[in-house]
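One structure is given here, and the rest of the page talks about it.
The values are calculated or read from the model by the stated rules, or taken from the named source; none is laboratory data. Quick caveat: nothing in here was measured; it's all calculated off a predicted structure. Heads up, the Cβs are rebuilt from the backbone with ideal geometry, glycines too, and the neighbour counts pull from every protein chain shown. Accessible surface is based on the protein model in full, side chains and every heavy atom, while ligands, DNA and RNA are left aside. Shrake-Rupley method; radii C 1.70, N 1.55, O 1.52, S 1.80 Å.
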Amino acid sequence: MQKAYFDSPIGVLEICGDESGVCELNFVREFIKTDVTDANLKLCLSELERYFKGELKIFTTKLNISGTVFQKNVYENLLKIPYGETITYAQLAQMTGAERAYRAAGSANAKNKIPIIIPCHRVVATNGLGGYSGGKGLATKIWLLEHERANLAK
């Protein structure tokens with residue numbers, strides 16, 4: 001497993017992965033200079049740079065998604081939410097084929113180990129933004145949503 005670090009506008013991101021794919025993207029306090037040799041991690045760093053510049057809407061970085069069958073189903077459906085758009089937790093549950101399981105879908109969403117690339121920030125509550133467990137919490141979610149909406153035309 002190799003780690004790479006990216007200094008983003010919303011904080012330092014630690015990307016973990018190997019040839020099988022990125023398995024984690026974590027918000028961390030410290031940027032650590034690393035010599036990245038893995039081609040997929042190099043691609044991920046390049047795509048994150050383009051995403052934060054507003055130039056990338058769909059990541060092609062290979063992912064190694066872990067979780068229960070239900071969680072993986074949720075994550076695969078999160079990848080279908082278009083850039084700059086949002087859906088509700090209830091809609092996410094419906095997409096997974098378990099329309100009454102919106103709390104379980106929300107719980108799986110909160111446990112997403114690869115935020116930004118698997119866009120959990122695009123899921124909102126029916127009566128507001130809902131929560132966000134990455135970075136600086138809700139402020140990070142708001143930044144990501146506003147960033148995407150501002151760059152839709154590019």
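Among the residues in the stretch 51-61, are any without any contact (Cβ under 8 Å) to a residue 24 or more places away in the chain, of a type in the set (Lys, Arg) and surrounded by fewer than 17 Cβ atoms within 10 Å (Cβ to Cβ)?
If we filter the stretch 51-61 for residues that are without any contact (Cβ under 8 Å) to a residue 24 or more places away in the chain, which is where we start, we get 53, 56, 60.
This time we only want the ones that are of a type in the set (Lys, Arg), so: 53.
The next check asks that each one be surrounded by fewer than 17 Cβ atoms within 10 Å (Cβ to Cβ); those that pass are 53.
Looking for residues that are without any contact (Cβ under 8 Å) to a residue 24 or more places away in the chain, of a type in the set (Lys, Arg) and surrounded by fewer than 17 Cβ atoms within 10 Å (Cβ to Cβ), one finds at least one in the stretch 51-61, hence yes.
Being within 12 Å of the chain's Cα centre (by Cα) and in a helix (DSSP H, G or I) is the filter here; which residues of the stretch 96-154 pass it? Show your work before the answer.
Of the stretch 96-154, the ones within 12 Å of the chain's Cα centre (by Cα) are 109-123, 132-135, 140-141, 144-145.
Of everything in the stretch 96-154, those that are within 12 Å of the chain's Cα centre (by Cα) and in a helix (DSSP H, G or I) turn out to be Asn109, Ala110, Cys120, His121, Arg122, Thr140, Lys141, Leu144, Leu145.
In the stretch 71-94, which residue that is farther than 19 Å from Ile117 by Cα and of a type in the set (A, V, I, L, M, F, W, C) is surrounded by the most Cβ atoms within 10 Å (Cβ to Cβ)?
Filtering the stretch 71-94 for residues farther than 19 Å from Ile117 by Cα gives 90-91, 93-94.
Checking which are of a type in the set (A, V, I, L, M, F, W, C) leaves us with 90, 93.
Values: Ala90: 18, Ala93: 22.
This residue is Ala93.
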Name the pairs: first residue in the stretch 70-97 and in the same structural domain as Asn127 (by the TED database), second residue at pLDDT below 95 and part of a loop (DSSP other than H, G, I, E, B), Cβ to Cβ under 6 Å, at least 6 apart or on different chains?
-> Asn73/Thr96; Val74/Thr96; Asn77/Thr96; Gly84/Leu152; Thr88/Thr126; Ala93/Glu99; Ala93/Ala101
Cβ pairs under 6 Å, 6+ apart, first in the stretch 24-45 and more than 15 Å from Ile118 (Cα to Cα), second open to solvent by 50 Å² or more (accessible area, probe 1.4 Å) and in a helix (DSSP H, G or I) | Val36/Lys42
